[in-house]
1. Being in contact with a helix residue (DSSP H, G or I) (Cβ under 8 Å, 6 or more places away or on another chain) and assigned to a strand (DSSP E or B) is the filter here; which residues of the stretch 172-187 pass it?
2. Going by the structure shown, is Val64 touching a Pro at 6+ places or on another chain (Cβ under 6 Å), crowded, with 23+ Cβ neighbours inside 10 Å, of a type outside the set (Phe, Trp, Tyr) and under 25 Å from Arg230 (Cβ atoms)?
3. Quick test for you: out of Phe73, Phe92, pick the one residue that is within 27 Å of Gly190 (Cβ to Cβ), among the hydrophobic types (A, V, I, L, M, F, W, C), away from ligand 1 (no atom under 16 Å from the Cβ) and surrounded by 20 or more Cβ atoms within 10 Å (Cβ to Cβ).
4. Can you give me the number of residues within the stretch 384-431 that are part of a loop (DSSP other than H, G, I, E, B), in contact with a Lys or Arg (Cβ under 8 Å, 6 or more places away or on another chain) and charged (D, E, K, R)?
5. Among the numbered criteria (1) within 23 Å of Lys321 (Cβ to Cβ); (2) modelled with pLDDT of 95 or more; (3) not in a strand (DSSP E or B), which single criterion is violated by Gln453?
6. Filter the stretch 578-600 down to the residues that are part of a strand (DSSP E or B) and not β-branched (Val, Ile, Thr), then identify the one that is farthest from the chain's Cα centre (by Cα).
7. Of Asn438, Asn420, which residue is more than 24 Å from Asn189 (Cα to Cα) and within 16 Å of ligand 3 (Cβ to nearest atom)?
Amino acid sequence: AVKPEPAPVLLNFAAIPTNRLDKVTVPQGYTARAFLPMGTPLTGAYPAYKEGGLNTGAEMEQQVGAHHDGMHFFPLDARTDGKNSAEGVLVFNHEYVEPATLHQNGPTGAPRPADEVRKEVAAHGVTVAHIKKDASGQFQLVQGSPLNRRVTGATPMEISGPARGDAKMVTKYSPDGTRTRGTLNNCGNGYTPWGTYLTAEENWAGYFMNADAAQPREHKRYGVATKNGRYSWETADSGADQYQRFNASTIATDSNRDYRNEPNTFGWIVEIDPFNPDSVPQKRTAMGRFGHEGVVFQPPVEGQPVVFYSGDDSTFEYIYKYVSKAPYYKATAGGHLLNEGTLYVAKFNADGSGEWLALDFNSEKFRAAALAKNVEFVSQADVLINTRLAADVVGATKMDRPEWGAVHPTTGEVYFTLTNNTARTAAQVDKANPRANNATGHIIRWRERQQPQALSFDWDIFLLAGDVGTETPGTGLKLTADNHLASPDGLAFDKNGLLWIQTDMSGTQQGSGPFGNNQMVVADSKTRQIKRFLVGPIDCEVTGISFTPDMKTMFVNIQHPGDRSTVTKLTSTWPANDATSRPRSGTVIVTKDDGGIIGS
Ligand code: FEO
Ligand code: CA
Ligand code: CA
Ligand code: CA
C-alpha cells in the first residue's frame, strides 16, 4: 500500500517585504512566471500579438483579452475524478480596457473609430484556454485545441430564470426578451459544483448611456450614464446596431432601433460551460441584478439546496445569498439549479447575529415591506431586475463595498472582503462596518446556523486592514511589516484551509504611503497568522486565484500593470520588462522550486 503523504507544514516560508518594483515578487524558494498575457493568440488563425497597439479588432477577437481578473482552473477530468494537475482549461475574466495602451495612438474622442470599438468590445469578456504541461513540466497553451474560446462583449447569450421573456428584457435584438449580446466588466468569478464557470458582471452600468430627462429606476439605481458611455461605444462611426445598443435613450429610439431595455440584460451572473465551446452562455437572473463582484458556493450536500453568495461592490451596497429551490444531487446537478430559487440579502445585527431577508414577490412579508416604502413591484422578474431597490425596502445592511467571498472547505464559514468606503461618516458607522472614512477595508465572516440555507447566522470581523500596528479588537491580531495591507479584494480558500487575500489599492494608495504595490497575503483563519506571499508590478491589481488539484501550481492574475501610462510615457513594461514594451495584463504561474505545496 502507498503511504499517504504527511500533511504539509503550512506558512513555513519567510514573508516578503512590500516593494514598488516592476516585477512579481514571491518568497524565497518560489518562482513566478508570466503566462497568457493580453494579445496571446488563442483561436482561429492565431493572430500574433503586435507591440504598439497594432492589432485590429478582428485579431483581438482571436486573442486573449485585456485586464485579467477572476479565474478558475478546471482539471481536464473536472467532471469525474478532478485530479488532473497536468492538463485542464484555465478560464479567466477580462474586466475592462486601457485605451491609452490598447490602441496605437492612445484614446480617441467621439465619434469613436468603429474598429477601435470592435477591439475594445473583443478585449472584454472571458478567455477559455486549454493548457497542458510540456515535457519540462511547464504549462503551455494547447495550440489548435477546440476548447480554446473567447467569449466577448458581443457573444450571443441566453437570458434564463425568472426575468427571461419579461417585457423589460425586450430589445430589437430579442423581441421576445430571451437573448442578449455579450458580458461586460467581468470582475470576480465563481464556478459550480457541476464543473461550469460563473462570471460576474460588475461595473456594467457605465458602459450604457440614457439621456432621458428621467431614467427608469432599473437604470438610475445602477448608475447608467446620462451623457456618454464609459468608452462612448454608442458613437462608433460605423453606426452599427451592435454599438448603437449602448445608447438606451428614448430620444434615440425609433421602431427599428429600440434598445431602451439593453442595460436590463446586464448586471447578472453568467454561466459558461468551459468544456463545450459551442454552448451559449446563460445569464442566471434568479441570482439577482447588481454590481456582482463574484460568486461562491457552500460545499453542496446531497439532497439539500445548493447555496451561493455574491457581493455588490459599490459603496453602501449589500451581500446576497441564493438558495436553489430544487435539491442538489451530484448525478443530476446542473444549471437548472440556478434558474429557480430564493434570493436573500444580509442584515448584520449589532449583537453579532445576522438574518437573511428574502427578496421574494410571493412572500407577503416582502410585499408589505415594499408597500410600507411606497415601492411597487409587479412580479418576481421586476424584483430581480431591481434587486438593489428590493434590498433597500427590506432594510438590509449597507456595507463598505462587498468584493469577493470565500467558503472554508471544511467548516463552511463564509468570509467576505469589504474593500473600502471613504464615504462612510461617523454617523453611519455600525458594528459590521465599524470605521468612518474606511480607506483600508476589512474582512467580515459568518457561520450559518445549522443548514447552509438557514435564515440566520453568527458573524464577526476577521481582520481590519491597515498600516503596521492596526489591531482587530478582541482578536489579538495586530498587523506587522510582514502582513500590513489595504483594500482587500480577491479572496479564496485553498483545499488546505489557507485563506489567500489579494489587494486592489488605487494608484494613489500604492504610489505613496506604507503599502507599496498591490499584493497578496495568506492567512491561517484559525490562528490569524498572516504572511505576505506576493507583490505585483507597478500600478497593477493582484486578482484572480486558482490552483491545480495537487496544490503544486498556483495561478494568479496581474491586472492593468502600468495603468497610469500614456502612449509616450510607460509607468510599467511588465511582463516584458524591457523599458520599451507596453504593459499587458497577464496570468502568473507560481510554483515551489522543490515541487512542494503552495503555501508551505
Ligand atoms: Fe472589479 Fe470590485 O473590483
Ligand atoms: Ca475586484
Ligand atoms: Ca476592487
Ligand atoms: Ca480590477
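The values are calculated or read from the model by the stated rules, or taken from the named source; none is laboratory data. Predicted, not measured: the structure shown is a model, and the values here were computed from it. When we count neighbours, we look across all protein chains shown, and the Cβ atoms used for this are built from the backbone with ideal geometry, even at glycine.
1. Passing the criteria: Thr180, Arg181.
2. Values: touching a Pro at 6+ places or on another chain (Cβ under 6 Å): no; crowded, with 23+ Cβ neighbours inside 10 Å: yes; of a type outside the set (Phe, Trp, Tyr): yes; under 25 Å from Arg230 (Cβ atoms): yes.
Judged against the criteria, Val64 is not a match.
3. Going through Phe73, Phe92 in turn, the sole match is Phe73.
4. Of the residues in that region, 2 qualify.
5. Tallying (1) within 23 Å of Lys321 (Cβ to Cβ); (2) modelled with pLDDT of 95 or more; (3) not in a strand (DSSP E or B), Gln453 fails exactly one: (2).
6. Lys592
7. Result: Asn438 is the single residue among Asn438, Asn420 that is more than 24 Å from Asn189 (Cα to Cα) and within 16 Å of ligand 3 (Cβ to nearest atom).
Here is a yes/no grid of residues against (1) within 16 Å of ligand 2 (Cβ to nearest atom); (2) more than 26 Å from Gly52 (Cα to Cα); (3) in contact with a strand residue (DSSP E or B) (Cβ under 9 Å, 6 or more places away or on another chain); (4) in contact (Cβ under 8 Å) with a residue 24 or more places away in the chain:
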| position | (1), (2), (3), (4) |
| --- | --- |
| Asp524 | no, yes, yes, yes |
| Thr548 | no, yes, yes, yes |
| Val556 | yes, no, yes, yes |
| Thr566 | no, no, no, yes |
| Ala579 | no, no, no, no |
| Asp593 | no, yes, yes, yes |
| Ile597 | no, yes, no, yes |
